[in-house]
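The values are calculated or read from the model by the stated rules, or taken from the named source; none is laboratory data. Everything numeric here is computed off the predicted structure, so don't read it as measured data. Here the Cβ positions follow ideal geometry from the backbone for every residue, glycine too, while neighbour counts run over all protein chains shown.
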Amino acid sequence: MSDDARRAAPGPMDPDEGARRLMEVFDLVGPLYHKVFRKVEQETPVDGVSVGVRAVLDLLHRHGPLTVPRMSRAQALSRQFVQRMVNDAVARGYAESRPNPAHRRSPLIALTPAGAEAVAAVTAHERALLRQVGGDLTHQEVDACLKVLGRMLDLFADVDMDGAAPVAPAAPARGRGDGATP
């Protein structure tokens, strides 16, 4: 059977073919991630908003005050890295530390008004860039992409980033719509 015939065949792929095709996805995701990372940092409309700080600000914008360990689990990043990004955000006035009634030694990190303005400016810039994606993408195509990437992410949910227990990814903001929240 030709590759075109296999792609057009209804029903699930056999596991070997599925693994081969998912490797094609990995081959695209890595370079895409690195290029987007560089583009965002090169063209940020707000001074001091690195990709890491932007991720922290976006998480706080979407979910409200969070602890550093919670943010690290939600982003699948080490607590140390997230703490450095939080420190940068606090130093620039984009976030602030608040007492946490549930845990005295793990304060809540909250977005400041300046942080809300910064993340709004950065995401507006990112949306402007993403509007340039051509190809007349359909809702179904984007939904299929989100489904595949979500399943791939779920496969690695048990990966221990720095000793923290695994949690579901921040899916609703990514468009998976499965109700998982950080």
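Could you tell me which numbered condition Leu129 fails, if it satisfies all but one of (1) over 26 Å from Arg79 (Cβ atoms); (2) in contact with a Lys or Arg (Cβ under 9 Å, 6 or more places away or on another chain); (3) of a type outside the set (Gly, Ala, Ser); (4) at pLDDT 90 or above?
Result: Leu129 fails condition (4) only.
Checking Leu59 against (1) at pLDDT below 95; (2) under 26 Å from Ala128 (Cβ atoms); (3) in a helix (DSSP H, G or I), which test does it fail?
(1)
When the residues of the range 49-72 are filtered to those that are charged (D, E, K, R) and under 12 Å from Ala116 (Cα atoms), which remaining residue is surrounded by the fewest Cβ atoms within 10 Å (Cβ to Cβ)?
My answer is Arg62.
Show the residue pairs that are 6+ apart or on different chains and have beta-carbon atoms under 7 Å apart, the first residue being within the range 74-95 and surrounded by fewer than 24 Cβ atoms within 10 Å (Cβ to Cβ), the second being at pLDDT 95 or above and among the hydroxyl-bearing types (Ser, Thr, Tyr).
Short answer, once both residue conditions are applied: Val90/Ser97; Gly93/Thr112.
Does the range 101-117 hold any residues that are without any contact (Cβ under 8 Å) to a residue 40 or more places away in the chain and either in a loop (DSSP other than H, G, I, E, B) or touching a strand residue (DSSP E or B) at 6+ places or on another chain (Cβ under 6 Å) (or both), and which are they?
The answer is Pro101, Ala102, His103, Arg104, Arg105, Ser106, Thr112.
Among the residues of the range 83-100 satisfying the criterion of being of a type outside the set (Ser, Thr, Tyr) and part of a strand (DSSP E or B), which is nearest to His61 (Cα to Cα)?
Looking at the filtered set, the residue picked out is Ala95.
Can you tell me which residue among Ala118, Ala171 is at pLDDT below 85 and aliphatic (A, V, I, L, M)?
After ruling out the rest, the residue left standing is Ala171.
Looking at the range 118-142, which of the residues that are in a helix (DSSP H, G or I), without any contact (Cβ under 8 Å) to a residue 12 or more places away in the chain and among the charged types (D, E, K, R) is surrounded by the fewest Cβ atoms within 10 Å (Cβ to Cβ)?
So, considering only residues that are in a helix (DSSP H, G or I), without any contact (Cβ under 8 Å) to a residue 12 or more places away in the chain and among the charged types (D, E, K, R), the one surrounded by the fewest Cβ atoms within 10 Å (Cβ to Cβ) is Arg127.
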